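The values are calculated or read from the model by the stated rules, or taken from the named source; none is laboratory data. It should be emphasised that the depicted structure is a prediction, and the values quoted were computed from it without experimental measurement. Ideal geometry is used to build each Cβ from the backbone, glycine not excepted, and the neighbour counts take in all protein chains shown.
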Amino acid sequence: MNSTLFFFPLSGELIQFIVCFQIYQTMKTSEIFSLAFIISFQLQISASFTDNTEKLQQVLDNFYAEHPELVGIMVHIEAPEQHISWSGATGLSDKSDAISIESNQPMLIASNTKPYVSAAILRLVEQGKISLDNPIDTLISSKSRNVLKQDGYELQQIQVQHLLSHTSGIFDFVESVSFADKEEHQPGYFWTRDEQIQLAIDEGDPLGKSGDLYKYSDTNYLLLTEIIENLTGKVYYTAIRELLKYEQLNLGSTWFFTLEDSLVNTKPLITQYYKNYTTKYESPTFDLYGGGGIAATIRELGLFNQYLFEGKIFDHHETIDLLYTYVETRDQEQYNYRLGIRTYTILGEECFGHDGFWGTATRYMPERNITFAVSISNISHRAETVEKLVLQFLATLFPSN
């Protein structure tokens, strides 16, 4: 009997079918049921994820339709238990050009940089290079040490944890008259870190002794970047990148703006607004040296915070406990700051995160193991917007609550 062999191109789908059929023929009945269960479960997860992401985008679009004055909104939600890692955006990237915003555009995260600086210090703690109760006298630069001492600061009494928790008593350069004047009349002015620390000396006096009271001060975090440089022998932005494992955690779109390059190509930054100020014309140096300075996509801001609170940034999981350290003050006033993070309450649950001047906010809810990262381009409406948005997203994700 003669036979003819026909050759014809096989599609990808047909090849997959043949391979799966061959595997099927060699499997036992119990294995087939197990495989069917796994496939069914994965399909349910996929369908649920698609359904949830569509609902989340709808929430975001509806919210923006009611609040177009916000210019643009970006959100990232990281919820491992719900199998959700979603970024969404709506509105404009720049209102003057009417360019639509995209969820993978980076933005300046401003004071949301502080958790990064704090985490870098805690990495140095777990490496044994520093302790939280170390006095800062020999840890900061000699220039800063000299000017602070001349202004009456007792540097042997100011500890690293006092800088991290804003209980050092050091004046905030942001509140100086000269800083406000330059920002208003010379928005493109190029600031240096030394100059900003000097402003805290020239135009402000010690607020009290270390541990007397809580008073938020960006000067603390400028000094912390000096400590990072002193202990690592590297410029602070390079040291932070390495200490926080950017490459290992695939945080390629997170970098100190103008000081270094991102690890991957990124889209242009969105434009962020506050009254008459805008990131398009404001020099980034006014908030670049540790109190702020990082640019990131909303996804990577959310991922970093999720990794931080899950302990993935650290080599030893117990290091995460240090982040929640509460430094008692002698005035016995309660405050909502820990070491580079704030505490918040949402739906009666304690959560953690930070806010940034240019309209960024993060909230981590440990009881649900979920992180929200939000960027509001017009920051005049940030406070009320973040809480409303988070509540709407929670109602979508947890309708029974």
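Look at the range 241-260: where a residue is over 21 Å from Ser103 (Cα atoms) and a partner is in a loop (DSSP other than H, G, I, E, B), sitting 6+ places away or on another chain with Cβ atoms under 6 Å, you get Leu244/Ile313. If you go through the range 277-291 one residue at a time, do you hit one that is closer than 23 Å to Ile101 by Cα, among the small types (Gly, Ala, Ser) and surrounded by 24 or more Cβ atoms within 10 Å (Cβ to Cβ)? Checked the range 277-291: no residue is closer than 23 Å to Ile101 by Cα, among the small types (Gly, Ala, Ser) and surrounded by 24 or more Cβ atoms within 10 Å (Cβ to Cβ). Looking at the range 201-229 only, could you name the residues that are more than 18 Å from Gln159 (Cα to Cα), in contact (Cβ under 8 Å) with a residue 40 or more places away in the chain and crowded, with 18+ Cβ neighbours inside 10 Å? Once the filter is applied, which keeps residues that are more than 18 Å from Gln159 (Cα to Cα), in contact (Cβ under 8 Å) with a residue 40 or more places away in the chain and crowded, with 18+ Cβ neighbours inside 10 Å, the range 201-229 yields only Ile201. For the range 264-276, the candidate set comprises residues that are under 17 Å from the mean Cα position of the chain (by Cα) and not polar (S, T, N, Q); within that set, the residue that is surrounded by the fewest Cβ atoms within 10 Å (Cβ to Cβ) is Leu269.
Do we have Glu260 as of a type outside the set (A, V, I, L, M), in contact with a Ser or Thr (Cβ under 8 Å, 6 or more places away or on another chain), surrounded by fewer than 23 Cβ atoms within 10 Å (Cβ to Cβ) and within 23 Å of Ile121 (Cβ to Cβ) here?
Working: of a type outside the set (A, V, I, L, M): yes; in contact with a Ser or Thr (Cβ under 8 Å, 6 or more places away or on another chain): yes; surrounded by fewer than 23 Cβ atoms within 10 Å (Cβ to Cβ): yes; within 23 Å of Ile121 (Cβ to Cβ): yes.
For Glu260, the condition - of a type outside the set (A, V, I, L, M), in contact with a Ser or Thr (Cβ under 8 Å, 6 or more places away or on another chain), surrounded by fewer than 23 Cβ atoms within 10 Å (Cβ to Cβ) and within 23 Å of Ile121 (Cβ to Cβ) - is met.
For the range 77-102, the candidate set comprises residues that are surrounded by fewer than 19 Cβ atoms within 10 Å (Cβ to Cβ) and of a type in the set (Ser, Thr, Tyr); within that set, the residue that is nearest to the chain's Cα centre (by Cα) is Ser85. Assuming Thr53 fulfils every condition listed in (1) in contact with a strand residue (DSSP E or B) (Cβ under 9 Å, 6 or more places away or on another chain); (2) over 30 Å from Thr219 (Cα atoms); (3) modelled with pLDDT of 95 or more; (4) surrounded by fewer than 17 Cβ atoms within 10 Å (Cβ to Cβ) apart from one, which condition is it? All conditions are met except number (3). Might you let me know whether the range 128-145 holds any residue that is closer than 27 Å to Phe173 by Cα, surrounded by 21 or more Cβ atoms within 10 Å (Cβ to Cβ) and without any contact (Cβ under 8 Å) to a residue 60 or more places away in the chain? No: zero hits.
If you scan the range 328-344, which residues turn out to be in contact (Cβ under 8 Å) with a residue 24 or more places away in the chain and not β-branched (Val, Ile, Thr)?
Within the range 328-344, the subset in contact (Cβ under 8 Å) with a residue 24 or more places away in the chain is 328-331, 333, 335, 337-341.
Residues satisfying the conditions are Glu328, Arg330, Asp331, Glu333, Tyr335, Tyr337, Arg338, Leu339, Gly340.
The residues of the range 98-119 that are of a type in the set (S, T, N, Q) and either at pLDDT below 95 or in contact with a His (Cβ under 9 Å, 6 or more places away or on another chain) (or both), listed by number, are Ser103, Ser111, Asn112, Thr113.
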